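What follows is one structure encoded as structure tokens, with my remarks underneath.
No lab work stands behind these numbers, since they all come straight from the coordinates. Note that the structure is predicted; figures quoted are calculated from it, not measured. Methodologically, a virtual Cβ is constructed for each residue, glycine included, from the backbone with ideal geometry; neighbour enumeration extends over all protein chains shown.
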Amino acid sequence: EEKPVDPYTQSNANAGATPFTGEQMLAAFRGREGVARIVDDTLDRSVADPRLTDIFRATDMERLRRTLKEQVAYLLGAPVDYTGRDMKTTHKDQGINTAEFNILVEHMQLAMDKEGVAYRHQNQLLAKLAPMKRDVVTR
Ligand code: HEM
């Protein structure tokens, strides 16, 4: 069961970028089921990584898995709303540095490889996520 969070205004703008148009990108990620597998695998790898374990110690993983799946599906053009918080509010007290940001991206690349997502499509998603670094990295 998810833990309650402080009230916030729900908006797709909280996803931090505008989605791809058309159905091609979502198809390249094997649809919402592929996205779910990629997010679960990325988070499994991240939580198990001794370089990141401490960061996720207090995290409601059930909520993170749900909202990250929504966010990625939304950005890939799926007809779904992102119901999570914005990237700046979410990460402001996490103390994440650039090295840790890059490690999580590497885990996501491995997860996308495992799902069989072509590099061209992987890079298109990563290019959309990259500018969020300024809201995620605080030290
Ligand atoms: C562009 C990259 C990233 C995206 C798109 C992203 C996305 C998200 C989302 C959607 C949430 C949940 C929002 C909510 O609860 O409403 C979240 C929370 C969180 N993220 Fe990220 N994240 C990114 C990078 C990172 C990195 C690099 C780390 C650590 C290495 C990280 C650690 C966390 C933690 C610990 C939480 C839970 C915060 C809490 O417990 O309140 N994130 N992230």
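Shown is the FRET efficiency for Glu2 and Arg120, computed with R0 = 30 Å from the Cβ-Cβ distance and rounded to the nearest 0.05: 0.30.
In units of 2.2 N^0.38 Å, what is the alpha-carbon radius of gyration of the chain?
Details: Rg = 14.2 Å, N = 139, 2.2 N^0.38 = 14.3 Å.
That ratio works out to 0.99.
Put simply, the C-alpha atoms of the range 33-115 give a gyration tensor, and the ellipsoid matching it has half-axes of 20, 16, 11 Å, longest first.
Rg to Rh for the range 1-69: what is it, with Cα atoms only and Rh by Kirkwood?
Numbers: Rg = 14.3 Å, Rh = 14.1 Å.
Reported Rg/Rh, Kirkwood definition of Rh: 1.01.
Extending 7 Å from Cα along the Cβ direction at Arg139 and again at Asp81 yields two label points whose distance is 3.6 nm. For the range 69-139 versus the range 13-41, the inter-centroid distance based on Cα atoms is 11 Å.
What the Cβ-Cβ distance of Thr9 and Arg66 gives, at R0 = 22 Å and to the nearest 0.05, is a FRET efficiency of 0.75.
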